[in-house]
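The values are calculated or read from the model by the stated rules, or taken from the named source; none is laboratory data. Please read these numbers as outputs of a predicted model, since none were measured by experiment. Neighbour counts run over all protein chains shown; Cβ positions are idealised from the backbone, glycine included.
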Amino acid sequence: MFAQKTVLRLPAISSLVAMLATALVVSVVAAAVSEPAKTSAAAKAADLAAAAEDLVKSLETTVSNATSFKQGEEEVERKGYVIALLANGVSESEGDAKWKARALAVRDAALGLAKSKGQPAADKALKDIKALFGGGDAGKGEAKKYLDVSELKYVMKEVNERNKPMTKNLRGTNFARSKESIARDAQVWALLAAVARADTKSAQQAKKPQADFERYSDEFFTGAKSLAAAAGKGDQNAASDALKAIRKACADCHAVFRPDIE
């Protein structure tokens with residue numbers, strides 16, 4: 001209908017430079033994704049230990065009486081399993097932690113916490129864990145695979161649980177005062193990504209290649225490691241970019257595999 005000529009407009013030099021820079025960043029990120037997620041490489045033992053201690057502290061009020069326990073029973077179960085996973089991570093990760101020698105005993109006590117059927121049992125299990133944090137003798141414990149310590153659904157629940165505070169902490173001026181929390185949550189995410197990588201049921205149920213599931217786990221792991229590093233350096237833009245990469249990996253994975261998050 002219209003006889004107007006179409007004019008091809010080339011981007012300005014500054015735009016071309018920006019496009020090339022973006023392409024370079026994408027290439028670098030893509031190359032970093034190829035490294036398989038490993039639980040032993042998620043974080044230093046001391047950082048995982050600190051994350052476990054935070055969870056224990058957060059449960060003190062919940063297990064202190066029957067009423068609060070009944071209201072928070074699901075929280076106790078979830079956090080118990082996560083403490084167990086973190087303790088398993090402490091036992092095999094690089095670096096020292098004050099209770100690394102007792103990490104497997106902490107794991108087993110945390111499993112007792114997760115499986116407790118009433119407030120007295122939960123309170124005792126939490127006190128046992130805190131005692132192990134403080135010292136004393138304990139059995140070495142047997143080595144266990146992470147997905148024998150906890151089902152995948154608790155892994156996925158904890159990933160989701162840390163998403164909301166992560167979003168808040170990365171926003172605006174919150175970042176400067178929340179860098180430690182961001183780094184810690186990102187390190188926990190890295191461990192959980194590596195734990196999830198070993199799952200084979202999701203690929204079997206979806207009738208999709210296991211390699212694809214592992215690739216998404218690797219992308220999540222890499223993003224989480226990048227996020228922790230960016231928070232440590234105080235680089236808010238890099239941290240935000242890493243969170244976007246994490247969310248893309250999760251969305252892409254769930255679009256195909258839908259791991260059980262109940």
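Observations on the structure shown:
- Of the criteria (1) under 21 Å from PRO36 (Cα atoms); (2) at pLDDT below 95; (3) surrounded by fewer than 19 Cβ atoms within 10 Å (Cβ to Cβ), which one PRO259 fails: (3)
- Residue in the stretch 28-43 that is modelled with pLDDT of 95 or more, assigned to a loop (DSSP other than H, G, I, E, B), out of contact with any helix residue (DSSP H, G or I) (no Cβ under 7 Å at 6 or more places or on another chain) and not aliphatic (A, V, I, L, M) present: no
- Some residue of the stretch 59-67 being within 22 Å of LYS140 (Cα to Cα) and not hydroxyl-bearing (Ser, Thr, Tyr): no
- Residues of the stretch 170-209 satisfying the condition of being hydroxyl-bearing (Ser, Thr, Tyr) and either assigned to a helix (DSSP H, G or I) or touching a Pro at 6+ places or on another chain (Cβ under 6 Å) (or both): SER178, SER181, SER202
- Filtered residue count, the stretch 242-262, keeping only those that are free of Cβ contacts under 8 Å to residues at least 60 places away in the same chain and more than 14 Å from the chain's Cα centre (by Cα): 10
- Top-ranked residue of the stretch 79-111 - restricted to ones that are of a type in the set (D, E, K, R) and part of a helix (DSSP H, G or I), ranked as farthest from THR61 (Cα to Cα): GLU92
- Scanning the stretch 168-182 for residues that are under 15 Å from the mean Cα position of the chain (by Cα) and over 16 Å from SER226 (Cα atoms) yields nothing.
- For the condition free of Cβ contacts under 8 Å to residues at least 12 places away in the same chain and under 20 Å from TRP189 (Cα atoms), LYS157 does not qualify.
- Tally of residues being over 12 Å from ALA176 (Cα atoms) and out of contact with any helix residue (DSSP H, G or I) (no Cβ under 6 Å at 6 or more places or on another chain) across the stretch 224-236: 1
- All conditions but one from (1) more than 18 Å from ALA194 (Cα to Cα); (2) surrounded by fewer than 20 Cβ atoms within 10 Å (Cβ to Cβ); (3) at pLDDT 95 or above apply to GLY134; the one that does not is (3).
Per-residue answers, yes or no, for (1) out of contact with any Lys or Arg (no Cβ under 9 Å at 6 or more places or on another chain); (2) hydroxyl-bearing (Ser, Thr, Tyr):
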| position | (1), (2) |
| --- | --- |
| ALA37 | no, no |
| ALA41 | no, no |
| SER58 | no, yes |
| GLU92 | yes, no |
| LEU104 | no, no |
| GLY112 | no, no |
| LYS117 | yes, no |
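- Selection status of ARG162, surrounded by 15 or more Cβ atoms within 10 Å (Cβ to Cβ) and more than 15 Å from the chain's Cα centre (by Cα): no
- Candidate set from the stretch 210-238 (those that are among the acidic types (Asp, Glu) and assigned to a helix (DSSP H, G or I)); member that is nearest to THR167 (Cα to Cα): GLU219
- Any hit, the stretch 193-209, residues being under 19 Å from LEU59 (Cβ atoms), of a type outside the set (D, E, K, R), surrounded by 15 or more Cβ atoms within 10 Å (Cβ to Cβ) and out of contact with any Leu (no Cβ under 9 Å at 6 or more places or on another chain): no
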